[in-house]
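Derivation of every value follows stated rules applied to the coordinates shown; laboratory data play no part. These figures come from a predicted structure and were not determined experimentally. Positions of Cβ are generated from backbone atoms using ideal geometry, with glycine treated the same way; all protein chains shown enter the neighbour counts.
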Amino acid sequence: MKKCVIVGVTSSIAAYKSVQLVSDLLKKNIDVEVIMSKNATEFIQPLTFSTLTKHKTYVDTFDRNVQYDVEHISLAKKADAFIIAPASANVIAKVAHGICDDMLTTTFLACNCPKIIAPAMNTNMYENPITQDNFALCKKYGMHIVEAEAGLLACGDNGKGKLASIPTLMEAVEMALQK
């Protein structure tokens, strides 16, 4: 049976990289479902992911143009791994503390599979002690954090906070699927 990976996409300029991640996962014959935060749709359209995956891209928990099952639960049961890439500081804080106020965070909490968080944000946000505490809390709960890379950021700053490379993200997903 085909493995299923849920890719969560949050609001970051790095969201364009998640398109390549989804494409590469599909090339490995992995079924991919995509859930976007509402703000992520300001960076990239859900249609992009739906075209690639041949599945609905989920954004709204209460979308009525769907089947009559509890979607965040049915998606959670289907998942063999869940990666949030890029993961904003906001979503990391939510999942670290079990806050479920949208389709992405609700499904993430409902999943009983390996969970991967790949952060992307400004260096000051990344290095903030609150964010670092949230990373530690996520690790405590068994989530795998893919370290951000250092370099020139979209804001013009130079430092740690770039989304990890696609090969690094693929490696994290492939390792999670072996668990």
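Would you mind putting 131-140, 169-178 in packing order, based on average other-beta-carbon counts within 10 Å, highest first? Don't skip to the answer; put the middle values down first.
Values: 131-140: 15.3, 169-178: 17.7.
Descending packing order for the listed peptides: 169-178, 131-140.
Taking the helices alone, the chain has a mean residue ellipticity at 222 nm of -12000 deg cm²/dmol, built from -39,500 (n - 2.57) per DSSP H run of at least 4 residues and averaged over all its residues. A Cβ-based charge dipole, computed about the Cα centre of the chain with Lys and Arg at +1 and Asp and Glu at -1, lands at about 420 debye. Cross-link partners for K139 among the lysines, with Cα-Cα distance under 26 Å and sequence neighbours closer than 8 places in the same chain left out: K3, K17, K38, K77, K78, K94, K115, K160, K162, K179.
For the peptides 6-18, 48-60, 99-111, 145-157, the ranking by mean Cβ contacts within 10 Å, running from highest to lowest, is 6-18, 99-111, 48-60, 145-157.
Between amide H atoms placed 1.01 Å from N, distances below 5 Å from V34 occur with V7, Y58, all of them 5 or more places distant or on a separate chain. Using θ = phi - 60° in the Karplus curve 6.51 cos²θ - 1.76 cosθ + 1.60, the 3J(HN,Hα) couplings for the stretch 112-125 round to 10, 9, x, 10, 10, 10, 10, x, 8, 5, 4, 3, 5, 5 Hz; x is entered for Gly and Pro.
About its Cα centre, the dipole of the stretch 92-162 is roughly 200 debye, where the only charges are +1 on Lys and Arg Cβ and -1 on Asp and Glu Cβ. The charge dipole of the stretch 129-179, taken about the Cα centre with unit charges on the Cβ atoms of Lys, Arg (+1) and Asp, Glu (-1), comes to about 160 debye, rounded to the nearest 20. What FRET efficiency, computed as 1/(1 + (r/R0)^6) with R0 = 41 Å and r the Cβ-Cβ distance, is obtained for N112 and A150, rounded to the nearest 0.05? So the FRET efficiency works out to roughly 0.75. On full extension, the segment bounded by L47 and D133 gains 27.5 nm, given 0.36 nm per residue less the C-alpha separation. Could you compute Rg(Cα) / (2.2 N^0.38 Å) for the chain, with N its residue count? My calculation over the Cα atoms of the chain gives 0.95. In this structure, K27 and M1 have a Cβ-Cβ separation that, at R0 = 22 Å, corresponds to a calculated FRET efficiency of about 0.75.
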